[in-house]
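Everything on this sheet refers to the single structure shown next.
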Amino acid sequence: MSKFITFEGIDGAGKSTHIAFVADYIQQRGIELVSSREPGGTPLGEKLREIVLHEKMHLETEALLVFASRREHIAEVIEPALARGAWVISDRFTDSSFAYQGGGRGLDRAKLEALEQWVHADLQPDLTLLFDVPLDVARARLDATRELDKFEQEKADFFAATRNEYLRRAAQFPQRFRVIDSTQSIAAIQLQIASILDACF
Ligand SMILES: Nc1ncnc2c1ncn2[C@@H]1O[C@H](COP(=O)(O)OP(=O)(O)O)[C@@H](O)[C@H]1O
Ligand SMILES: Cc1cn([C@H]2C[C@H](O)[C@@H](COP(=O)(O)OP(=O)(O)O)O2)c(=O)[nH]c1=O
């Protein structure tokens with residue numbers, strides 16, 4: 001049966017590092033897998049991603065654009081894949097909007113809930129892997145590796161609020177969230193992910 005798995009965490013937590021591992025692990029079982037990301041995942045969504053990640057805008061514009069990208073992603077990629085029995089993994093989904101636009105930037109949660117109801121009232125991930133690390137660890141990893149986009153340049157209090165909102169949601173939806181202590185070694189994290197996935201097959 002199809003599964004929808006999302007990857008979440010503050011920038012630098014290690015999400016991208018583990019996506020290829022998860023993709024391999026699932027495909028080794030002969031399952032059709034669609035691997036995607038947000039904002040993005042479709043040609044239009046990728047254009048919206050460029051705008052959201054690099055342009056200054058009103059907070060509500062930002063929220064509307066990430067949900068516009070998501071609407072397209074669900075219609076063009078996620079729903080068709082799930083309907084034919086494939087598994088879908090997405091690097092970020094709606095929990096990112098609650099964490100970044102809600103927690104980080106302070107957008108009223110009720111507005112995000114209204115958008116969520118509008119865009120995907122009947123769809124939720126079956127499993128959400130939350131990569132959780134203290135801010136200083138995430139920051140040190142980012143500084144060591146890449147040029148920072150608009151979100152990655154935010155200050156520590158932004159990421160503290162983002163992380164808190166993720167942890168709040170994990171506590172609110174314990175049946176789909178698995179919180180992974182991402183200060184562990186990559187090998188230890190992969191072992192933990194493998195045992196989480198084994199429970200899904
Ligand atoms: N568990 C870990 N231990 C040490 N370094 C890590 C770990 N996970 C990721 N990294 C490194 O941290 C950096 C950021 O990881 P990345 O997966 O790109 O984070 P994200 O996608 O969450 O922003 C990369 O250079 C990666 O190799
Ligand atoms: C999906 C989504 C992402 N974002 C932000 C979080 C990230 O900082 C950024 C892009 O995420 P990500 O793909 O993790 O960036 P990178 O490729 O640099 O690892 O978009 C939101 O603010 N709201 C959202 O709804």
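Per-residue Karplus couplings for region 155-163, computed as 6.51 cos²θ - 1.76 cosθ + 1.60 with θ equal to phi - 60°, are listed in order as 7, 4, 5, 4, 6, 4, 5, 5, 4 Hz, Gly and Pro entered as x.
Placing a pseudo-label 7 Å from each Cα along the Cα-to-Cβ vector at Gln184 and Glu147 gives an inter-label distance of 3.5 nm. The lysine pair count for region 4-198, using Cα distances under 23 Å and pairs eight or more places apart or on different chains, is 9.
For the chain, set up a GNM with springs between Cα atoms under 10 Å and report which of Ala161, Ala13, Ala144 has the largest fluctuation. Answer for the Gaussian network model of the chain: Ala144.
In order along region 117-134, phi translates into HN-Hα couplings of 4, 5, 8, 8, 4, 10, 10, 9, x, 6, 8, 10, 8, 9, 8, 10, 9, x Hz, rounded to whole numbers, per the Karplus curve 6.51 cos²θ - 1.76 cosθ + 1.60 with θ = phi - 60° and x for Gly and Pro. Rounded to the nearest 20, the size of the Cβ-charge dipole of the chain about its Cα centre is 200 debye, with Lys and Arg at +1 and Asp and Glu at -1.
As a rough footprinting exposure proxy, the listed residues His58, His120 were ranked by other beta carbons within 10 Å of their own, and the order from fewest upward is His58, His120.
Taking amide H as placed 1.01 Å from N in the peptide plane, Gly9 has its amide H under 5 Å from the amide H of Phe131, each at least 5 places away in sequence or on another chain. The modelled label-to-label distance for the pair Leu44/Met1, using points 7 Å beyond Cα in the direction of Cβ, is 3.1 nm. Hydrodynamic estimate: the Kirkwood radius of the chain over Cα pairs, inserted into Stokes-Einstein at 10 °C and 1.306 mPa s, corresponds to D of 93 µm²/s. Per-residue ellipticity at 222 nm from helix content only, as computed over the chain with -39500 (n - 2.57) for each DSSP H run of at least four residues, stands at -15000 deg cm²/dmol.
The trypsin sites (Lys or Arg not before Pro) of region 83-184 that DSSP puts in a loop, and whose beta carbon has at most 11 other beta carbons within 10 Å, are Arg84, Arg146, Lys155. Taking loop as defined by DSSP and a crowding limit of 10 other beta carbons within 10 Å, which GluC sites (Glu not before Pro) in region 98-193 fit? Sites meeting the loop and neighbour criteria: Glu147.
Return a whole-number percent for the relative contact order of the chain, with Cα pairs under 8 Å and 6 or more residues apart as the contact set. It comes to 33 percent, rounded to a whole number.
Can you give me the Cα centroid spacing of region 112-169 and region 1-74 in angstrom? Taking the Cα centre of region 1-74 as reference, the centre of region 112-169 is 12 Å away.
Any read-out appearing in this document is the output of simple, stated calculations on the displayed coordinates, not a laboratory observation. These figures come from a predicted structure and were not determined experimentally. A quick note on method: Cβ atoms are made from the backbone with ideal geometry, for glycine too, and the neighbour counts reach across all protein chains shown.
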